[in-house]
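Structure, as structure tokens:
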Amino acid sequence: MAAIPKTDTIWFNGSFVPWDEARVHVLAHTLHYGTGVFEGIRSYLTDRGTAVFRLDAHLERFFRSAAIYDMPLPYSREQLTEATLELVRRNGLENAYIRPVAIFDAHTLQLLPEGAPITVAIAGWPMGAYLPAESNRGVRVTVSPIRRFNASAIPPAAKSCGQYVNSVRATQDAVRRGFHEAVLLTDTGVVSEGAGENLFVVKNGVVITNDADAAILMGITRESILQIAHDLGIPTKIRTIRPEELPQADELFFTGTAVEVTPIEEVDGTVIGDGRPGPITTRIRTRFFEIVRGLHADYSHWLVFAGEKVGSGVWA
Ligand SMILES: Cc1ncc(COP(=O)(O)O)c(C=O)c1O
């Protein structure tokens, strides 16, 4: 992801403020201890204007993450839904990335964030592909020497700010060594996930992924892909993935809001299949992009429309 392109406005504690005015204090508890929670959501341009993909599921996870960190969000699901859709409209977002975040703001630097005000913001900006996969190429990954944090230390079910130091370190190491992305193993040595995405293996026609036992973030894209595979009649299996299965896979791909469905071309120098996105990955990926662009009525419940675009830039 390159530098964030500025948009007009950010929803900040209940109102829309100019981009440059969405600021927090340097003594915010979350800045020091990583105690915030966040979401990553995408919107897509469809024939009926911009649609936010699985907004309900993302906001549900946002509230669940906040609850795990004893952070009562001072807004309702309905308020954050409306704020997100209004953000899309006010900024004229089409294919975009949307980032809700909630933090313990400045008040105390005791570890217990007692009495700290909770700041909630939602920003969004235009965004294309996150990883440099072109339609006919995949990404090159490495199995990271940096292990995924243990679930008894940090709950993987929450999407908390602090846990991402683990992903940032693994990404820095992978990029330094010339790879696009890192795959992390658990502390027991089985495959967990990518630094910011879930991992799928295709072997003998079966689409395989792991689950909470491997300390993964239970991705909303992962769940969507399992449903899509099932609907396409492709067998799926959820089980532990051993690291030696990766170079031997017929196909490998990542899923996540940022990476969408990204084929993996190489693992530590071993080419997967013939080095091109495989047939099952391609079928699933094609169907995913059709769905997010509103081309499959059967999945319209996954899309929340921000409003029909009428003429140029006018929202009904
Ligand atoms: C560590 C990690 N795993 C998996 C995912 C994929 O989750 P989702 O599909 O809900 O975006 C993400 C991105 O949010 C992530 O950061």
Flag if Val206 is in contact with a strand residue (DSSP E or B) (Cβ under 6 Å, 6 or more places away or on another chain), surrounded by fewer than 16 Cβ atoms within 10 Å (Cβ to Cβ) and over 16 Å from Tyr44 (Cβ atoms): yes
Listing of helices (runs of 4 or more DSSP H) fully contained in region 209-316 that carry 1 or more residues being buried (at least 21 other Cβ atoms within 10 Å of the Cβ): 220-231, 279-292
Matching residues in region 38-59 - criterion: being closer than 17 Å to Gly256 by Cβ and either out of contact with any strand residue (DSSP E or B) (no Cβ under 7 Å at 6 or more places or on another chain) or not aromatic (Phe, Trp, Tyr) (or both): Glu39, Gly40, Ile41, Arg42, Ser43, Val52, Arg54, Leu55, Ala57, His58
Within region 171-207, tally of residues that are within 28 Å of Met71 (Cα to Cα) and either among the small types (Gly, Ala, Ser) or in the same structural domain as His32 (by TED's automatic domain parsing) (or both): 4
In this structure, is Ile264 within 16 Å of the ligand (Cβ to nearest atom), touching a residue at least 24 places away in the same chain (Cβ under 8 Å) and not charged (D, E, K, R)? yes
Among the residues of region 42-54, is any within 19 Å of the chain's Cα centre (by Cα) and either under 22 Å from Asn166 (Cα atoms) or of a type in the set (S, T, N, Q) (or both)? yes
What is the one condition in (1) surrounded by fewer than 16 Cβ atoms within 10 Å (Cβ to Cβ); (2) at pLDDT below 95; (3) within 17 Å of Ala258 (Cα to Cα) that Ala133 does not satisfy? (1)
If you scan region 152-196, which residues turn out to be modelled with pLDDT of 95 or more, within 13 Å of the ligand (Cβ to nearest atom) and of a type in the set (A, V, I, L, M)? Ile154, Ala158, Val165, Val168, Ala170, Ala182, Val183, Leu184, Val191, Ala195
Of these, Arg77, Arg61, Arg48, which one is over 21 Å from Ile4 (Cβ atoms) and either of a type in the set (Val, Ile, Thr) or crowded, with 19+ Cβ neighbours inside 10 Å (or both)? Arg61
Tally the residues that are assigned to a loop (DSSP other than H, G, I, E, B) and hydrophobic (A, V, I, L, M, F, W, C), restricting the search to region 93-124. 5
Anything in region 136-154 that is buried (at least 16 other Cβ atoms within 10 Å of the Cβ) and more than 22 Å from Pro263 (Cα to Cα)? List them, or say none. Ile146, Arg147, Phe149, Ala151, Ile154
Residues that are hydroxyl-bearing (Ser, Thr, Tyr) and away from the ligand (no atom under 16 Å from the Cβ): does region 239-246 have at least one? yes
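The values are calculated or read from the model by the stated rules, or taken from the named source; none is laboratory data. No experiment lies behind these values; they were computed from the predicted model shown. Neighbour counts run over all protein chains shown; Cβ positions are idealised from the backbone, glycine included.
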